[in-house]
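Below: one structure, written as structure tokens.
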Amino acid sequence: MKKNNVTTAELRSRIDVAAGNVKADIVLKNARIVNVFTEKIEEADIAILGDRIVGIGRYHGGIETDLEGKYVCPGFLDGHIHLESSMISPREFECTVLPHGTTAVITDPHEITNVAGEDGLHYILDETEGLTLNVYVMMPSCVPCTAIDESGAIFEAKDILPWYEHGRVLGLAEMMNSVGVVGKEKDILQKIADAKNCEKLIDGHAPLLSEKDLNAYAGSGVLSDHECSNAEEAFEKLSLGQWIMIREGTAARNLEALISLCEAPYYQRCMFVTDDRHPGDLIEKGHIDYIIRKAIRLGADPIRAIKMATWNPAQYFRLHDRGAVAPGYLADLVILESLEDVRVCGVYKNGKPALEAEEAPPLQQENYPRVWDSFHMPEVTEQSLTVDTSGSLERVIELIPGELLTRELLVPKIEKSGFPVGVDPDQDILKAVVFERHKNTGHRGVGFIKGYGIKKGAVASSVAHDSHNLIVIGAGDRDITLAANCVRKNGGGLAVVIDGKVAGELPLPIAGLMSELSAEETEERLETLKELCRDIGLAEGIDPFMTLGFVSLPVIPQLRLTTRGIVDVGKQEMLEAFF
């Protein structure tokens with residue numbers, strides 16, 4: 001990471017202002033400062049010179065703004081997010097979250113890297129260069145996430161190592177292949193060793209890992225986890241020295257189950273993250289400010305909750321010049337009307353009001369060919385959806401509301417008139433198909449899903465973690481075929497088909513993951529699609545696309561569906577749909 005070099009002349013200027021001998025550039029007067037060190041509120045002025053806070057006390061400046069007792073806290077940090085999962089471009093993401101007080105994010109671009117390889121990485125780093133929002137990157141550790149999956153690229157240890165020289169690359173992103181770590185897979189261990197040798201951080205992803213396997217995983221150098229679904233799991237990981245990222249996103253929402261971690265002493269090694277968050281949630285609810293607000297509503301101390309969104313992630317990610325309102329720290333500041341509702345009424349970034357993101361010229365698409373040309377698969381036919389139905393029992397992937405985890409459900413083979421074998425909407429059992437879309441292999445996996453809720457039609461998406469093949473779920477083969485071909489024709493995106501007609505679609509031309517529209521336009525079209533899903537019976541509390549996107553991720557227990565078929569995640573073995 002690049003050092004923030006300072007000259008002796010700059011130090012003299014800062015000292016003169018701090019000592020009161022020279023006016024500051026900007027003074028925020030009569031502020032109630034959230035002190036993350038003492039966990040108290042202090043009433044004082046904040047003196048700013050350039051991009052730094054230089055003094056707390058009583059000061060005068062070239063520009064003075066009377067805050068009239070409003071609260072000031074450090075800028076919020078999201079310690080784990082996939083920018084691609086916002087479904088909007090990085091620049092549009094910046095415009096959406098800055099007004100909510102987010103001044104820095106740490107992104108894992110494994111979504112776009114799984115699709116477009118180095119083109120995807122270059123796109124994210126180039127698109128975020130020079131933004132008002134600070135965007136740091138953790139290098140994708142699992143491309144693909146396991147050997148069972150089929151992605152558009154393969155990133156081995158030798159491919160990752162050179163990227164650690166980039167100034168905004170902080171480490172190795174979520175090590176999802178915990179089975180590979182414990183099993184001592186050669187390339188996985190090399191990735192970990194390289195990160196450690198380069199003095200980089202290593203994030204984790206190990207749902208339900210426990211006891212000796214967890215000891216092995218944590219002992220290898222994995223420092224954090226964002227997959228805890230209950231407090232007991234989090235306490236075990238904390239006790240072994242891992243940091244806990246409390247996730248509250250669009251698909252997975254763990255804050256309520258982990259609210260006890262906001263208490264002493266646990267909160268000191270915890271932080272808030274979103275992981276995946278759709279534009280509607282960002283616009284209507286907020287970003288990290290929403291999580292702080294909800295935590296307070298659930299009983300968390302307001303100052304501690306703010307600390308978990310500022311100082312804690314800054315310390316974990318070794319961003320030692322941010323996360324506090326104190327002399328020497330970056331003047332990334334959030335102004336709040338009150339501590340109870342955490343409503344942001346002003347944001348300062350690098351010592352200046354962050355009224356809006358600055359305009360920047362668009363990137364040249366020809367420099368990232370695999371990003372804008374990411375769909376390579378044959379046209380889907382109904383004949384390609386067949387599966388061996390000779391068995392008497394049917395294996396069903398059961399969704400768990402509000403969780404990414406699934407369960408295995410075994411039922412007698414379903415043969416209902418008017419539907420494909422295995423499908424019965426009255427029992428909420430639907431057909432799901434995952435098509436390989438990167439290398440024109442023609443591979444496809446077929447399975448059955450319970451808990452999605454639609455009674456007819458089909459829903460398709462090219463946002464299917466982490467390899468982002470084309471996934472479709474539906475009640476009939478005709479509609480599944482039509483939905484799949486609609487997304488294929490658009491070069492990626494979402495589609496809803498009802499009664500043999502495309503009822504709605506949202507193209508996602510950036511790697512099949514992101515829209516070129518504004519956040520508001522993207523959300524408007526996305527909400528129309530969600531409403532269509534609700535009209536055909538979508539289960540309550542289900543986000544149709546975020547939920548669908550995780551059905552194919554073969555690193556979260558218990559069962560998943562990939563281009564090769566149903567996967568037992570714990571064993572990393574393929575299973576039959578009928579047996």
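Which numbered condition trips up TRP163, out of (1) outside any helix (DSSP H, G or I); (2) in contact with a helix residue (DSSP H, G or I) (Cβ under 8 Å, 6 or more places away or on another chain); (3) closer than 30 Å to PRO361 by Cβ?
Of (1) outside any helix (DSSP H, G or I); (2) in contact with a helix residue (DSSP H, G or I) (Cβ under 8 Å, 6 or more places away or on another chain); (3) closer than 30 Å to PRO361 by Cβ, only one is false for TRP163: (1).
Counting only residues that are within 20 Å of THR113 (Cβ to Cβ) and in a helix (DSSP H, G or I), which one in region 335-384 is nearest to the chain's Cα centre (by Cα)?
Going through the qualifying residues, I end up with VAL371.
Just a yes or no: is a residue in region 71-88 surrounded by fewer than 24 Cβ atoms within 10 Å (Cβ to Cβ) and over 30 Å from VAL179 (Cα atoms)?
Checked against the condition, which is being surrounded by fewer than 24 Cβ atoms within 10 Å (Cβ to Cβ) and over 30 Å from VAL179 (Cα atoms), region 71-88 yields at least one hit.
If you take the residues in region 487-535 that are open to solvent by 10 Å² or more (accessible area, probe 1.4 Å) and among the hydrophobic types (A, V, I, L, M, F, W, C), which one is nearest to LEU548 (Cα to Cα)?
LEU532
Given the structure, is ALA206 part of a loop (DSSP other than H, G, I, E, B) and open to solvent by 40 Å² or more (accessible area, probe 1.4 Å)?
Here the answer is no, as ALA206 does not meet what is asked.
Name the residue that is modelled with the highest pLDDT, counting only residues in region 278-289 that are in contact with a Ser or Thr (Cβ under 9 Å, 6 or more places away or on another chain) and surrounded by fewer than 20 Cβ atoms within 10 Å (Cβ to Cβ).
ILE283
Every residue, every condition in (1) assigned to a strand (DSSP E or B); (2) at negative phi; (3) surrounded by 14 or more Cβ atoms within 10 Å (Cβ to Cβ); (4) not acidic (Asp, Glu), yes or no:
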residue: VAL17; (1), (2), (3), (4): no, yes, yes, yes
residue: GLY20; (1), (2), (3), (4): no, no, yes, yes
residue: LYS29; (1), (2), (3), (4): yes, yes, yes, yes
residue: ILE33; (1), (2), (3), (4): yes, yes, yes, yes
residue: PHE37; (1), (2), (3), (4): no, yes, no, yes
residue: ILE41; (1), (2), (3), (4): yes, yes, yes, yes
residue: ILE46; (1), (2), (3), (4): yes, yes, yes, yes
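Taking the options ALA252, ALA218, name whichever one is aliphatic (A, V, I, L, M), closer than 25 Å to VAL105 by Cα and modelled with pLDDT under 95.
Of the residues listed, the single one that is aliphatic (A, V, I, L, M), closer than 25 Å to VAL105 by Cα and modelled with pLDDT under 95 is ALA252.
Here is a yes/no grid of residues against (1) part of a helix (DSSP H, G or I); (2) at pLDDT 95 or above; (3) within 30 Å of CYS228 (Cα to Cα):
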{"site": "LEU404", "(1), (2), (3)": "no, no, yes"}
{"site": "LEU410", "(1), (2), (3)": "no, yes, yes"}
{"site": "PRO420", "(1), (2), (3)": "no, yes, no"}
{"site": "ALA460", "(1), (2), (3)": "no, yes, yes"}
{"site": "ARG488", "(1), (2), (3)": "yes, yes, no"}
{"site": "VAL502", "(1), (2), (3)": "no, yes, no"}
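Do we have any residue at all in region 116-130 that's crowded, with 20+ Cβ neighbours inside 10 Å, of a type in the set (Asp, Glu) and within 28 Å of GLY491 (Cβ to Cβ)?
Yes, the conditions are met somewhere in region 116-130.
Restricting attention to region 400-434, report how many residues are open to solvent by less than 10 Å² (accessible area, probe 1.4 Å) and in contact with a Ser or Thr (Cβ under 9 Å, 6 or more places away or on another chain).
Within region 400-434, residues that are open to solvent by less than 10 Å² (accessible area, probe 1.4 Å) and in contact with a Ser or Thr (Cβ under 9 Å, 6 or more places away or on another chain) number 4.
Residue by residue through region 521-552, note down the ones that are in contact with a helix residue (DSSP H, G or I) (Cβ under 7 Å, 6 or more places away or on another chain), in a helix (DSSP H, G or I) and in contact (Cβ under 8 Å) with a residue 24 or more places away in the chain.
THR522, GLU523, LEU526, GLU527, CYS533, PRO544
Just one of the numbered conditions (1) part of a loop (DSSP other than H, G, I, E, B); (2) in contact (Cβ under 8 Å) with a residue 24 or more places away in the chain is not true of PRO99; which one?
(1)
The values are calculated or read from the model by the stated rules, or taken from the named source; none is laboratory data. No experiment lies behind these values; they were computed from the predicted model shown. With ideal geometry, Cβ positions are generated from the backbone for all residues, glycine too; neighbour counts draw on all protein chains shown. SASA here: full protein model, heavy atoms, side chains in, ligands and nucleic acids out. Shrake-Rupley method; radii C 1.70, N 1.55, O 1.52, S 1.80 Å.
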